[in-house]
Amino acid sequence: MNQAAEECFGPSSGYLVLSVTVDKTARITNVTAEAGADAGLARCATTFMRRSKELETRGPGTLEIGYFMGRAAP
């Protein structure tokens, strides 16, 4: 999930909430992402996770994590 965020965050990105569900064999069964108006970021992160083959987890279960890119006040 950290790799997906690192790969997908761009200069216009504000935040990403990524949720991944795995079965008992650690196979991804569902991926969702929320990134506000940045639909490209959400699409990139979900695609990255769906293509991931090596997961460092066990299932079944769902992991949700949020990322925020702080911006300096104007």
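P(r) tail for region 20-62: Cα pairs beyond 13 Å make up 53% of the total.
For the chain, the set of GluC sites (Glu not before Pro) satisfying both a DSSP loop assignment and a count of at most 16 other C-beta atoms within 10 Å is given as 54, 56.
Largest mean-square fluctuation among 27, 43, 58, in a Gaussian network model of the chain whose springs join Cα atoms under 10 Å apart, belongs to 58.
Computed over protein heavy atoms with a 1.4 angstrom probe, the accessible surface ordering of 68, 9, largest first, is 68, 9.
At a probe radius of 1.4 angstrom, the accessible area of the chain per residue rounds to 71 square angstrom.
For the chain, a simple Cβ point-charge model (Lys and Arg +1, Asp and Glu -1, everything else neutral) yields a dipole of about 200 debye relative to the Cα centre. The residue among 15, 52, 37 whose Cα reaches farthest toward the positive pole of the charge dipole of the chain, with charges on the beta-carbon of Lys, Arg, Asp and Glu, is 52. These residues, 8, 44, go from largest to smallest accessible area, 1.4 Å probe, as 44, 8.
State the percent of C-alpha pairs, over all pairs in the chain, separated by a distance greater than 16 angstrom. Here the tail beyond 16 Å accounts for 46 percent of pairs.
The values are calculated or read from the model by the stated rules, or taken from the named source; none is laboratory data. Small disclaimer: the values here were computed from a predicted structure and weren't measured. Positions of Cβ are backbone-derived with ideal geometry, glycine not excepted, and every protein chain shown enters the neighbour counts. Areas reflect the complete protein model, heavy atoms only, side chains present, ligands, DNA and RNA absent. Shrake-Rupley method; radii C 1.70, N 1.55, O 1.52, S 1.80 Å.
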